[in-house]
Amino acid sequence: IHCQEGPAPKGQFSTTRRRQRLAAAVATTVPFSATMSPVRLHSSNPNLCADIEFQTPPSHVTDPLECSTEYMKLQEEFCLMAQKVHSLLKSAFNSIAIEKEKLKQIVSEQDLAGHNAQIAHLRQSLSQALNQNAELRSRLNRIHSESVICDQVVSVNIIPSPDETGEQIHVSLPLSQQVSNESRLSMSESVSEFFDAQEVLLSASSSENEASDDESYISDVSDNISEDNTSVSDNISRQILNGELTGGAFRNGRRTCLPAPSPDTSNINLWNILRNNIGKDLSKVSMPVELNEPLNTLQHLCEELEYSELLDKAAETDDPYERMVLIAAFAASGYASTYFRAGSKPFNPVLGETYECIREDKGFRFFSEQVSHHPPISACHCESKNFVFWQDIRWKNKFWGKSMEILPVGTLNVTLPKYGDYYVWNKVTTCIHNILSGRRWIEHYGEITIRNTKSSVCICKLTFVKVNYWNSNVNEVQGVVIDQEGKVVHRLFGKWHEGLYCGVAPSAKCIWRPGSMPTNYERYYGFTRFAIELNELDPLLKDLLPTTDARFRPDQRQECLFIHLLFEEGNIEAAALEKQRIEELQRGRRRYMEENSIEYVPKFFKKVIDANQREAWVTNDTYWELRKDPGFSKVEIPVLW
């Protein structure tokens, strides 16, 4: 096509316009680069049209009508494919939703099955707990009924025959103690089984015989009430008279309360007494009588045997490691009674003073003597069919301004004849805080090492932890039982006023726990039930004891002088004068022996040299023989008060 100069004919112009429209239509279908140059040049400058020939489109460019048809087909195919994809996606989403619902249903069914299993397990546990509770209630009811029998039914009055004169004899019928190995506490039993539960039937330290709340086994007790009353009376009298331990009967009816509460000591100015003795030994310092409690040091040694059942159990335990655990529990139990006793001090025994205690219920007999005055040394000896216990202790007291330390020097000894064991251990330091002001409290700290001198199988170390800035746990005890190779066999922990456990918490076993305190113990010097009974003077024993027995000491006897004068009549001066008189008598005897070069020889103990080349005091085996024949009334006894 050639453009001509000048105006174009009408037909030629129409043809040109049609061609331009076709070119514009082609421009929509062909590449931009193939159409841009000629069209734009012609549009921008029409004068170029006469000299420029439009080129034929490339062969690969199709006709516009054909391209439009194919485009429509492609568009239709694309829409159809999009619809198919949409349908597929919709179907997939529906399938996913269905599977999700199925999974939810499966999970919910599994959870329901798990919940049902848990509910069944909880129901089973609840049923077991209810059964155990019912069993425990029946046990407690049995304990309560038997304890009532001990207080009311077993005690009888025996009317003397017409040939005899005097009052009726008040005795108690025997209860045979048939204690089986299964009924006693073992190391494998539960954490809530305690020795104090046995006190209801096996110990007269709890005269009220309260039923224990503990889930503990107690020994089977049969009541041999059909025994002849006269033989029972003879049996009891023979035990008391001869100091024998036949185990056929035990006395009941020990007192459950002291005659009067402790005095008010708030008006005593201790600073005036102690200010000149800071850092010194207080054993030579005379204290006001109001600060004393109605027990002395000799009786305190007996108080350490309150839980002698631990030694009885050790004497029946074949495993040497478990025996050591029980010995450790016994060593710790001796401190439990001191928890409420920081407000008073025991009487200091005078030289030659003695004390005797026969406990048919616990199966032991005990005696002690003050064998030295300067330095003060107290010795004791206790024996039963299962064990022998003895110790000699020297006390050193030091006042540090706000506190007072009590330093014990000596060893404690226990033998178990069945196994040939011989255990020895030391005591820890005792400290009384807030001596001058504030609430007094007592603390024990140090390390106890328990050894079996007849065997090197194991040793035990008990640490009484001292309270400090970094450790606020009071009264804490930690210990281990170690074999020959130094390997820890048992771990011990607890508190000396709450109990001792063996193992690792929370699955540890309770080895020992102290018994409950009596009613209004705060008003009665903080005494335990066992301590309340120690100074009781039985009328049957009065003529059998030596006159040096602590229960005859007038300034200590509550019933005789200390209570009636000090509390009933308010005659504090009389009690103080009596105490001063006894101390002056002791000073006079000491001066007489020094002037005449007389060395004091204890009546019932002798000095020996132990394996560690240390002086020790042991029994000379004369106390019970003299008591039996000819009797202390026919033996020369020094006058102490």
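Phi-derived couplings, Karplus 6.51 cos²θ - 1.76 cosθ + 1.60 at θ = phi - 60°, listed residue by residue for segment 633-638: 5, 10, 10, 5, 10, x Hz, with x used for Gly and Pro. All other residues whose Cβ lies under 10 angstrom from that of L545 are scored, Lys and Arg at +1 and Asp and Glu at -1, for a net of -1. Taking θ as phi - 60° and the Karplus parameters 6.51, -1.76 and 1.60, the scalar couplings of segment 322-328 work out to 5, 4, 5, 4, 5, 5, 5 Hz in sequence order, x denoting glycine and proline. Roughly to the nearest percent, how much of the accessible area of segment 275-538 is carbon and sulfur, given a 1.4 Å probe? Ligands and nucleic acids excluded, carbon and sulfur reach 50 percent.
Label segment 385-507 by shape, choosing from rounded, prolate and oblate, from the square roots a ≥ b ≥ c of the eigenvalues of the Cα gyration tensor; if a/c is under 1.5 it is rounded, and otherwise prolate applies when a/b is larger than b/c, oblate when it is not. Before the final figure, lay out each step's value.
Values: a/c = 2.51, a/b = 1.47, b/c = 1.71.
Because a/c hits 1.5 or more and a/b fails to exceed b/c, segment 385-507 counts as oblate.
Here segment 425-564 is assigned +1 on the Cβ of each Lys and Arg and -1 on the Cβ of each Asp and Glu. Its dipole about the Cα centre then comes out at about 380 debye. For segment 79-126, the normalised intensity computed at q = 0.28, 0.30, 0.31 Å⁻¹ comes to -0.90, -0.95, -0.97 (log10 of I(q)/I(0), Debye sum over alpha carbons, equal scatterers, no solvent).
Relative contact order (percent) for segment 275-538, with alpha-carbon contacts under 8 angstrom and 6 or more residues of separation? Don't skip to the answer; put the middle values down first.
Working: 557 pairs, mean separation 43.2, N = 264.
Relative contact order of segment 275-538: 16 percent.
Taking the Cα centre of segment 275-538 as origin and assigning +1 to Lys and Arg Cβ atoms and -1 to Asp and Glu Cβ atoms, the resulting dipole is close to 1000 debye. Solvent-accessible area per residue in segment 275-538 equals 38 Å², computed with a 1.4 angstrom probe and all protein chains kept. Farthest toward the dipole's positive end in segment 275-538, which of F367, Q484, L416, given Cβ charges of +1 (Lys, Arg) and -1 (Asp, Glu) about the Cα centre? It is Q484, whose Cα lies furthest towards the positive end. Spread over its residues, the convex hull of the C-alpha atoms of segment 275-538 is 149 Å³ per residue.
Counting charges near T449 (Lys, Arg +1; Asp, Glu -1) among other residues having Cβ under 12 Å from its Cβ returns a value of +2.
Distance check, please: which entries in K385/K603; K396/K628; K362/K603 exceed 28 angstrom between their Cα atoms?
Values: K385/K603 25 Å; K396/K628 36 Å; K362/K603 26 Å.
Those over the limit are K396/K628.
Amide hydrogen proximity for V388: with H placed 1.01 Å from N in the peptide plane, the residues at 5 or more positions away or on another chain lying under 5 Å are T415.
The values are calculated or read from the model by the stated rules, or taken from the named source; none is laboratory data. Quick caveat, the model's predicted, so the values are computed rather than measured. Cβ coordinates were reconstructed from backbone atoms using ideal geometry, including for glycine residues, and neighbour counts include every protein chain displayed. Note: accessible area is taken over every heavy atom of the protein model, side chains too, but ligands, DNA and RNA are not part of it. Shrake-Rupley method; radii C 1.70, N 1.55, O 1.52, S 1.80 Å.
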